[in-house]
Amino acid sequence: MQKTIEKIIKSHEGEKGSLIPILQDVQRECGYISEEAVAAIAKDVKISEHEIYGVATFYAQFRFTKPGDHLIKVCVGTACHVRGNSLNLMHIKKILGIDEGEITFDYRFGLETVNCLGACALAPLVTVDDEYYGNFSPIKLKKILSKYAKEKAGAEDEED
Ligand code: FES
């Protein structure tokens, strides 16, 4: 990860107002802004770590904790709400044992809510990474979670 961060910082060398673009690139490449990244950026951009946190926390887009392997987004927009996604959200929270903005203890899943995923015809809608799961229901959740569990098991078999 250190090399990735160094590469990103270097790509913005000499740029005025590069802090936000650097933070955006780090988050895109690494998934979050680590303490290690903040220290490296502070050293290079010559801004204190405190100032970097001050700027970054102003923008809701930045996260400072490692995300889960798979991000589950539950739409709570009007169409999805009307078609029962609040109950789906409650069910997902219960099954995973986490709240919005949290990740499971094994880092496998993160959970977020969004106001509209732009596919209201599929309501109630839940996404996992880039996959859309329309007409979502608790039964689908079981299948989806087992799909990702199998993928992980498959990946571990390949590593052996
Ligand atoms: S309200 Fe859920 S996709 Fe638009």
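The values are calculated or read from the model by the stated rules, or taken from the named source; none is laboratory data. Not measured: the values here are computed from a predicted model. With ideal geometry, Cβ positions are generated from the backbone for all residues, glycine too; neighbour counts draw on all protein chains shown.
Numbers for the structure displayed
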item	result
Residue within region 76-83 that is among the polar types (S, T, N, Q), out of contact with any Leu (no Cβ under 7 Å at 6 or more places or on another chain) and not assigned by TED's automatic domain parsing to the domain that holds Thr104 present	no
Residue that is surrounded by the most Cβ atoms within 10 Å (Cβ to Cβ), among those in region 64-88 that are near the ligand (Cβ under 8 Å from one of its atoms) and closer than 23 Å to Lys147 by Cα	Cys75
Any hit, region 23-36, residues being more than 24 Å from Tyr107 (Cα to Cα) and in a helix (DSSP H, G or I)	no
Among residues of region 107-125, those that are within 15 Å of the ligand (Cβ to nearest atom) and within 15 Å of the chain's Cα centre (by Cα), counted	4
Condition met for Val76 (modelled with pLDDT of 95 or more, of a type in the set (A, V, I, L, M) and in contact with a helix residue (DSSP H, G or I) (Cβ under 8 Å, 6 or more places away or on another chain))	yes
Condition check for Ile92: more than 20 Å from the chain's Cα centre (by Cα) and either without any contact (Cβ under 8 Å) to a residue 24 or more places away in the chain or surrounded by 18 or more Cβ atoms within 10 Å (Cβ to Cβ) (or both)	no
Cross-chain or 6+ apart pairs with Cβ under 6 Å, region 1-27 first and touching a residue at least 12 places away in the same chain (Cβ under 8 Å), then of a type in the set (Ser, Thr, Tyr) and crowded, with 17+ Cβ neighbours inside 10 Å	His12/Ser18
Conditions (1) assigned to a loop (DSSP other than H, G, I, E, B); (2) closer than 30 Å to Val126 by Cα; number of the one not met by Gly14	(2)
Criterion violated by Thr104 - all others in (1) within 16 Å of the ligand (Cβ to nearest atom); (2) in contact with a Leu (Cβ under 9 Å, 6 or more places away or on another chain) satisfied	(1)
